[in-house]
Amino acid sequence: MFKTVATKSGSVAARAENILGRRVGAMSMSTGVKDETQSGHKDVTTNIKSSHNENVIWSDALLTREERQNYLKSKHVGATLWVTGLSGSGKSTVGAALEHKLLEAGDNIRFGLNAGLGFSAEDREENLRRIGEVAALFADSGVIAITSFISPYKRSREKAREIHERMGVPFFEVFADVPLEVAESRDPKGLYKKARAGEIKNFTGIDDPYEAPDAPELVLPTHQLSVEESCEKTIAFLKEKGIIKA
Ligand SMILES: Nc1ncnc2c1ncn2[C@@H]1O[C@H](COP(=O)(O)OS(=O)(=O)O)[C@@H](OP(=O)(O)O)[C@H]1O
Ligand SMILES: Nc1ncnc2c1ncn2[C@@H]1O[C@H](COP(=O)(O)OP(=O)(O)O)[C@@H](O)[C@H]1O
């Protein structure tokens, strides 16, 4: 549901083994050969990943389960930060850094709950509808949920907001706002290149639309802010809104 870390370095992957049951085996993903973790547990994600659309790339996370649990004991109220933006706009990078600064997150919904959904307008809407429902449940339980999905259509984002409003759960739209040229020049997964070559169809920003938010609660121009600055801005915002108790 809530994408966080894009890196797949060995050390991060090793830490990621301890995070959530469904993420155990991040190291095997990065090597592509191991199907057991160092602790001997079956890598529960191997099958999920191997049967997957090659253009949907797994993201590891940084927090251990213990770190998550410690954070849940600290003082904050539940809310959803709905981060939207082009592929390569920095949603995952900033989400990961925020998580590391003690926010709660989840990940990789397209590998599990939403496996089988593609990138047609209908599938994207269904993807985001489910994510909205799940994020609201997490937030309702007291967690700060960070969702990092392109969520290209205003209508889908409004639906997610409505789900939260229906449940009385705070919802904040966060716009990772970079020009397409910046996102494309970063191209961390090489997908823009494939899209330009016609190897991926309906790629957001290339041959599928991205409808920028009209009035997001928070804007992160990640080509002008460092990752650290984006985190600081977000945390200051959450404090101002009373989500994180100062
Ligand atoms: N056709 C197409 N368009 C856009 N993106 C594509 C596509 N195919 C694969 N990918 C990869 O999938 C990630 C987007 O998934 P999302 O669930 O965030 O998309 S959406 O919100 O349902 O539109 C997106 O991840 P991010 O790069 O992290 O944004 C891409 O890596
Ligand atoms: N200030 C910044 N904030 C966020 N990402 C940045 C920044 N500067 C460079 N980047 C790079 O841009 C890329 C963003 O990719 P990613 O976080 O996966 O985006 P998204 O999740 O939106 O697709 C990463 O390679 C990241 O290292």
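The values are calculated or read from the model by the stated rules, or taken from the named source; none is laboratory data. Everything quoted here is computed from the prediction, not taken from an experiment. Virtual Cβ from ideal backbone geometry, glycine too; neighbours counted across all protein chains shown. Note: accessible area is taken over every heavy atom of the protein model, side chains too, but ligands, DNA and RNA are not part of it. Shrake-Rupley method; radii C 1.70, N 1.55, O 1.52, S 1.80 Å.
The figures follow:
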quantity: Filtered residues of segment 154-178 (kept if within 14 Å of Glu217 (Cβ to Cβ) and of a type in the set (Lys, Arg)); calculated: Arg157, Arg161
quantity: Leading residue by the ranking (surrounded by the fewest Cβ atoms within 10 Å (Cβ to Cβ)) among those in segment 122-155 that are among the charged types (D, E, K, R) and farther than 25 Å from Val178 by Cα; calculated: Glu122
quantity: Flag if Asp177 is in contact with a helix residue (DSSP H, G or I) (Cβ under 8 Å, 6 or more places away or on another chain) and of a type in the set (Asp, Glu); calculated: no
quantity: Helices (runs of 4 or more DSSP H) fully within segment 140-245 counting 3 or more residues that are within 16 Å of ligand 1 (Cβ to nearest atom); calculated: 154-167, 180-186, 191-196
quantity: So Thr84, is it within 15 Å of ligand 2 (Cβ to nearest atom), under 24 Å from Ser230 (Cα atoms), open to solvent by 40 Å² or more (accessible area, probe 1.4 Å) and modelled with pLDDT of 85 or more; calculated: no
quantity: Search result, residues across segment 184-237 that are in contact with a Gly (Cβ under 6 Å, 6 or more places away or on another chain) and open to solvent by less than 30 Å² (accessible area, probe 1.4 Å); calculated: Thr222
quantity: Qualifying residues in segment 87-100 (those that are of a type in the set (A, V, I, L, M, F, W, C) and modelled with pLDDT under 90) - the one surrounded by the most Cβ atoms within 10 Å (Cβ to Cβ); calculated: Ala96
quantity: Members of segment 101-117 that are open to solvent by 20 Å² or more (accessible area, probe 1.4 Å) and at pLDDT 75 or above; calculated: Arg110, Gly112, Leu113, Ala115, Gly116, Leu117
quantity: Neighbours by Cβ (under 7 Å, 6+ apart or cross-chain): first from segment 192-204, within 15 Å of Ile57 (Cβ to Cβ); second in a helix (DSSP H, G or I); calculated: Tyr192/Glu184; Ile200/Leu191; Ile200/Lys194; Phe203/Leu191; Phe203/Ala195
